[in-house]
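J.: Dropping the structure in here first, questions after.
The values are calculated or read from the model by the stated rules, or taken from the named source; none is laboratory data. What you see is a predicted model, and the numbers here were worked out from it, not measured in a lab. Glycine also receives a Cβ, built like all others from the backbone with ideal geometry; neighbour counts cover every protein chain displayed. Calculation scope for accessible area: heavy atoms of the full protein, side chains included, ligands and nucleic acids excluded. Shrake-Rupley method; radii C 1.70, N 1.55, O 1.52, S 1.80 Å.
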Amino acid sequence: MLKITDLRAEIDGKEILKGLSLEVNAGEVHAIMGPNGAGKSTLGYTLGGRPGYEPTGGSAIFEGQDLLELAPHERAAAGLFLGFQYPVEIPGISNLQFVREALNSQRRARGEAPLSGGEFLKLARAQADALGMDPEMLKRPVNVGFSGGEKKRNEMVQMGIISPKLAILDETDSGLDIDALRAVGEGINRIMRAPDKAVLLITHYQRLLDYVQPDFVHILADGRIVRSGGPELALELEREGYGILAA
Ligand code: ADP
Ligand code: MG
Ligand code: MG
């Protein structure tokens, strides 16, 4: 599904990703862990096409197309979803308007018919229900005044509505209490654990991985994947810290 080869990217002329390679097959969940400042968020933003994150080498082939050559909205229409550590607040646009526009513009780009208002509302309510979010919150401006946990639940509702092929989730667990963590973890499994979908889960802590069990764990340090393994690698990290990288 995704094959990243020798990816290099810079911010303000400073190289942050320094030849990163990673392969993700459909049906797989990959956790990416690593010290602060290693380039984890930069990887997500570079794949998503955020301005200021400049790819300078390598490739990221997603279902046969190089993501790096697509505009951000084309990447989304191709099936890529980015979840952020700090979801943005958008005053003046309701959750419903925001996600409906996102979904329907992606559908149009793929040559699919947009959903009607009624069809969309039904889908949105079902996803809010499944995440334990009050459907009334769908009418509120995007994330405005939402608690940290509500923002993350809302992001999972958005993901459920969009139903992407590949989700890159950046510290989706940060700032969550135990109930929200479980709800978000179950949401990721329900929405994304499927033979035709895959997840890149960027996380500092093992605890989210208790809910969403990764097939592979990678350590990103200084702009590269320096170690890969199974779920036991996350446990080893939790026990020993990043000192294991020096060993
Ligand atoms: P991580 O998510 O692994 O903690 P980041 O990808 O956020 O790391 O950051 C990687 C490196 O890039 C850090 O050294 C950070 O200071 C630098 N960096 C990130 N964003 C910017 C920016 N907007 N301008 C300059 N440097 C940045
Ligand atoms: Mg960080
Ligand atoms: Mg980060």
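J.: Per the Debye formula with a single identical scatterer at each Cα and no solvent contribution, what log10 I(q)/I(0) holds for the stretch 133-247 at q = 0.13, 0.17, 0.19, 0.20 Å⁻¹?
T.: After summing over all Cα pairs, the log10 values are -0.56, -0.88, -1.04, -1.12.
J.: Ignoring ligands, DNA and RNA, what accessible area per residue does the chain give at 1.4 Å, in Å²? Walk me through the intermediate numbers first.
T.: Numbers: 11150 Å² over 247 residues.
Solvent-accessible surface per residue comes out at 45 Å².
J.: Moving on to the next point. If I fit a long axis through the Cα atoms of helix 117-131 and take the longest principal axis of the Cα atoms of the chain, what angle between them do I get, 0 to 90°, rounded to 10?
T.: 50 degrees
J.: Just name one of A38, L169, V99: the one whose Cα is farthest towards the positive end of the charge dipole of the chain (beta-carbon charges, Lys/Arg +1, Asp/Glu -1).
T.: Value computed over the given set: V99.
J.: Taking only the alpha-carbon positions of the stretch 154-213 and ignoring solvent, what does the Debye formula give for the base-10 log of I(q)/I(0) at q = 0.12, 0.13, 0.25, 0.29 Å⁻¹?
T.: Evaluating at q = 0.12, 0.13, 0.25, 0.29 Å⁻¹ gives log10 I(q)/I(0) of -0.24, -0.28, -1.11, -1.46.
J.: Something else: Hey, could you get me the Stokes-Einstein D for the stretch 202-247, Kirkwood radius over alpha-carbon pairs, 37 °C and 0.692 mPa s, rounded to whole µm² s⁻¹?
T.: Numbers: Rh = 10.9 Å.
It diffuses with D of about 301 µm²/s by this estimate.
J.: Fully extended, how many nm does the chain gain between S147 and T5 (0.36 nm per residue separation, minus their Cα-Cα distance)? Provide the component values of the computation, followed by the final result.
T.: Numbers: separation 142, 0.36 × 142 = 51.12 nm, distance 3.79 nm.
The S147-T5 span can extend by a further 47.3 nm.
J.: Report relative contact order for the stretch 129-247 in percent, whole number only (criteria: Cα-Cα under 8 Å, sequence separation at least 6). Provide the component values of the computation, followed by the final result.
T.: Working: 111 pairs, mean separation 24.3, N = 119.
Once normalised by length, the contact order is 20 percent.
J.: So what's the back-of-envelope 222 nm ellipticity for the chain, counting only DSSP H runs of four-plus at -39500 (n - 2.57) apiece and dividing by all residues, rounded to 500?
T.: Values: 8 runs with 91 residues, N = 247.
After summing the helix terms and dividing by the residues of the chain, the value is -11500 deg cm²/dmol.
J.: If you build the convex hull over the alpha carbons only and average its shadow over all orientations, what do you get for the stretch 104-194? Give it in nm² to one decimal. Please report the intermediate quantities before stating the final value.
T.: On the way: hull surface 25.2 nm².
Taking the Cα atoms of the stretch 104-194, their convex hull projects to 6.3 nm² on average.
J.: Using only the alpha carbons, work out the radius of gyration and Dmax of the chain in angstrom.
T.: Rg then Dmax for the chain, in Å: 17.7, 58.
J.: Measuring from centroid to centroid over Cα atoms, what is the spacing of the stretch 222-247 and the stretch 132-193 in Å?
T.: Centre-to-centre distance over Cα atoms comes out at 27 Å.
J.: All other residues with a Cβ under 14 Å from the Cβ of S105 taken together, and with Lys, Arg as +1 and Asp, Glu as -1, what is their net charge?
T.: Working: positive: R75, R100, R107, R108, R110; negative: E74, E101, E112.
For residues surrounding S105, the net value is +2.
J.: Right, next: Share of the stretch 150-247's accessible area from carbon and sulfur, percent, 1.4 Å? Please report the intermediate quantities before stating the final value.
T.: Working: 1970 of 4000 Å².
Solvent-exposed carbon and sulfur of the stretch 150-247 make up 49 percent of the total.
J.: Highest first, please rank the peptides 116-129, 165-178, 202-215 by the mean number of other Cβ atoms sitting within 10 Å of their residues.
T.: Numbers: 116-129: 15.0, 165-178: 20.0, 202-215: 18.3.
Packing order, densest peptide first, comes out as 165-178, 202-215, 116-129.
J.: Another question about this same structure. Rounded to whole Hz and in sequence order, give me ³J(HN,Hα) for the stretch 13-19 from the Karplus expression 6.51 cos²θ - 1.76 cosθ + 1.60, θ = phi - 60°, writing x for Gly and Pro.
T.: Karplus-based 3J(HN,Hα) across the stretch 13-19 equals x, 9, 6, 10, 8, 10, x Hz.
J.: Let me ask you something else. If you line up the long axis of helix 231-240 against the longest principal axis of the chain, both from Cα atoms, how many degrees apart are they, to the nearest 10?
T.: For 231-240 against the chain, the angle is about 70 degrees.
J.: A follow-up question, please. Charges on Cβ only, +1 for Lys and Arg, -1 for Asp and Glu, centred on the Cα centroid of the stretch 96-230; of H218, L123, A183, which one is farthest towards the dipole's positive end?
T.: In the stretch 96-230, that residue is L123.
J.: Assigning unit charges at the beta carbon (Lys, Arg +1; Asp, Glu -1) and nothing else, what dipole magnitude in debye, to the nearest 20, does the stretch 1-124 show about its Cα centre? Please list the in-between numbers first.
T.: Working: 12 positive and 15 negative charges, 54 e Å.
Here the stretch 1-124 has a charge dipole of around 260 debye.
J.: Counting only DSSP beta bridges with both residues in the stretch 69-211, tell me the antiparallel percent, nearest 5.
T.: Numbers: 2 of 11 bridges.
Roughly 20 percent of the beta bridges in the stretch 69-211 run antiparallel, per DSSP.
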